[in-house]
1. Taking Leu179 as the residue in question, decide whether it is among the aliphatic types (A, V, I, L, M), open to solvent by 10 Å² or more (accessible area, probe 1.4 Å) and not assigned by the TED database to the domain that holds Asn29.
2. So which residues in the stretch 360-376 are aliphatic (A, V, I, L, M) and open to solvent by 50 Å² or more (accessible area, probe 1.4 Å), if there are any at all?
3. Filter the stretch 42-73 for residues that are surrounded by fewer than 17 Cβ atoms within 10 Å (Cβ to Cβ) and of a type in the set (A, V, I, L, M, F, W, C); which is modelled with the highest pLDDT?
4. Limited to the stretch 511-532, what total is found for residues that are open to solvent by less than 40 Å² (accessible area, probe 1.4 Å), closer than 29 Å to Phe41 by Cβ and touching a residue at least 40 places away in the same chain (Cβ under 8 Å)?
5. Cβ-Cβ distance below 8 Å, separation of 6 or more or different chains: which pairs start in the stretch 387-405 with a residue that is small (Gly, Ala, Ser) and end on one that is assigned to a helix (DSSP H, G or I) and open to solvent by 10 Å² or more (accessible area, probe 1.4 Å)?
6. Checking the condition of a type in the set (Phe, Trp, Tyr) and touching a Pro at 6+ places or on another chain (Cβ under 7 Å), which residue from Phe277, Phe314, Phe263 passes?
7. Run Asp406 past the list (1) at pLDDT 95 or above; (2) crowded, with 20+ Cβ neighbours inside 10 Å and report the number of the one that doesn't hold.
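The values are calculated or read from the model by the stated rules, or taken from the named source; none is laboratory data. Just so you know, these numbers come straight off a predicted model, no measurement behind them. For neighbour counting, all protein chains shown are included, and Cβ atoms are generated from backbone atoms with ideal geometry for every residue, glycine included. Remember, those area values only see protein heavy atoms, side chains included, never the ligands or the DNA or RNA. Shrake-Rupley method; radii C 1.70, N 1.55, O 1.52, S 1.80 Å.
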Amino acid sequence: MDYLKTVVPSQLLAERGSNLVVINPGSANIRVGLAKQDSPFSIPHCIARRSNQLPKLNVQDQLLNSQVTTAQHMEREKAYDVIASLLKIPFLDEEVANNSIPRKMGRVDGYNPQNPRKDGAFTWTDTHVKDLDSSVPQESSSDKSVIAESLAQNEGTESKEPTLAERKFREVIFGEEALRISPTEPYSLRRLIRRGHLNISQHYPMQQVLEDLHALWDWILLEKLHIPHQERSLYSAILVVPETFDNREIKEILSILLRDLRFSSAVVHQEGLAAVFGNGLSTACVVNLGAQVSSVICIEDGVALPNTEKTLPFGGEDISRCLLWTQRHHQTWPQIRTDILTKPIDLLMLNRLKESYCEIKEGELDTIAVVHSYEDAMPAGSHKTRLTALNVPPMGLFYPTLLIPDLYPPPPRSWFHDYEDMLEETWHIEFPRRSDMPDGLYPGNNVGLQMWDNYPFVSMKPKKEEKVGLAEAITSSILSTGRIDLQRKLFCSIQLIGGVALTGGLIPAVEERVLHTIPSNEAIHTVEVLQSRTNPTFVSWKGGAILGVLDFGRDAWVHREDWIRNGIHIGSGRKYKDSYFLQAQAMCYINS
């Protein structure tokens, strides 16, 4: 510990982080890097495989309600008018009627230095192998066997040799390149995680999801981190998982890390808890604003409080979709075919426009931007246009009926029938007694703690999603702690993480709306969002790196041999310990 008091944190990360791979999977992107790195690689969490049956790109997502119902449309318009009143801009019908009247343009240049405005067009992915003598060099052995098997089946059914042109196609394409494949190409695009869960459905079986996840992560380790298969046993993996993941999902991913990717050991930490470490805090209300799901969880003294967890089924991609709806409703969008369902490249463009131009502020917010059209593998067309009401879409975080999130089929019910609780051992940990706490409100020596009453000991179904706005979710989460001293501390320690947290004007909007959401009978009069010390997009990844470096005891780590031989069995001597509870020395070091 004397060494820890004198060592510079960056030196400690460099010394101990060279063989630690930190992996933070998300619905839209996965962040991966060595713990010693300042920032991770951020790669779209998707994969495209060549299809022998489909004549063009098939997006394997299977939306349930891609069509907006009349009731949803009415609710959306009502939400728009409420937001318009707050922002002091014309209502929806007034705006359409006066659309031809020129108005003063509001400048939004440079409001967000971490996401500078970009108007450049995306290019279509070259789906052909450049060298006929070599296949995709990063394919894993499992990929090759799958590809060989599919080709054999295809030859058996069609009883003819593939043509030379067919053999030139790349069999597997990863990351952003997969999102930029032309709709005319014979590929099947798969997104591995949807709305905070593995994207398992009747159209995308569990085994395919896990095979694709293994193939993508293996490619990242080879291509980005340059860690070959024969050296994997020299590395350990730190998995920073979203709060939305269930036990079964965590265990399947651990099997991929240890059995398939052949890491020597692995540990799992929660995203919210890692974010607290990433910003050097010990107590905070962590609000994770991701691409497809948002979550809220409270952390006290390095302990995540499970009964404070809230999950909201919307995120940054829903804001991008709302941006498109807003422009079409105001008739400012060019006469082009923009379809984010069948052309993922259009979603890339909309995300870029949202990040560059959308912010929360009063008054009319318009700008001139370049919108691109992508048609049938043709070069991108450029359309200079006026975008209007740019401050409305991000307000959908507080009024989710404006966003109308698409519903995705949940995993099969049997998927959640997991009778082995990976967190079971943490229930038997003895905590120091807090004399200032009433019985049942803090982990003590008593049995049947009220604090854990709402914690799902065995997850038999998907975690419940809240049908409320962001301010209500934050307020409900903090008030559920039940202690006024902690509540006051948490309301002044709100931490926004995730890509959406970079939205201009979001911090004061959260402070104002949360303050107005607190019931009048609560003796709380101050709300404060803390400025992030690290880029909010990868603060959880950074926290995972810090946790891995400071975890000297290594009690929570799962070793490859133990996992493959024994896995986790009820009644066994060793169980997996989740990071709800951490050794004090790491937290002491962070706060020193």
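1. Numbers: among the aliphatic types (A, V, I, L, M): yes; open to solvent by 10 Å² or more (accessible area, probe 1.4 Å): yes; not assigned by the TED database to the domain that holds Asn29: yes.
Criteria met by Leu179.
2. We begin by selecting, within the stretch 360-376, every residue aliphatic (A, V, I, L, M); these are 360, 365, 368-371.
If the condition is that a residue be aliphatic (A, V, I, L, M) and open to solvent by 50 Å² or more (accessible area, probe 1.4 Å), then Ile368 is the only one that fits.
3. Filtering the stretch 42-73 for residues that are surrounded by fewer than 17 Cβ atoms within 10 Å (Cβ to Cβ) and of a type in the set (A, V, I, L, M, F, W, C), the one modelled with the highest pLDDT comes out as Ala71.
4. 1
5. Ala389/Glu95
6. Numbers: Phe277 fails: touching a Pro at 6+ places or on another chain (Cβ under 7 Å); Phe263 fails: touching a Pro at 6+ places or on another chain (Cβ under 7 Å).
Result of the check over Phe277, Phe314, Phe263: Phe314.
7. Answer for Asp406: the failing condition is (1).
Yes/no matrix, rows are residues, columns are (1) closer than 30 Å to Ile220 by Cα; (2) modelled with pLDDT of 75 or more:
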{"site": "Asp2", "(1), (2)": "no, no"}
{"site": "Thr6", "(1), (2)": "no, no"}
{"site": "Val21", "(1), (2)": "yes, yes"}
{"site": "Pro25", "(1), (2)": "yes, yes"}
{"site": "Leu34", "(1), (2)": "yes, yes"}
{"site": "Glu75", "(1), (2)": "no, yes"}
{"site": "Pro113", "(1), (2)": "yes, no"}
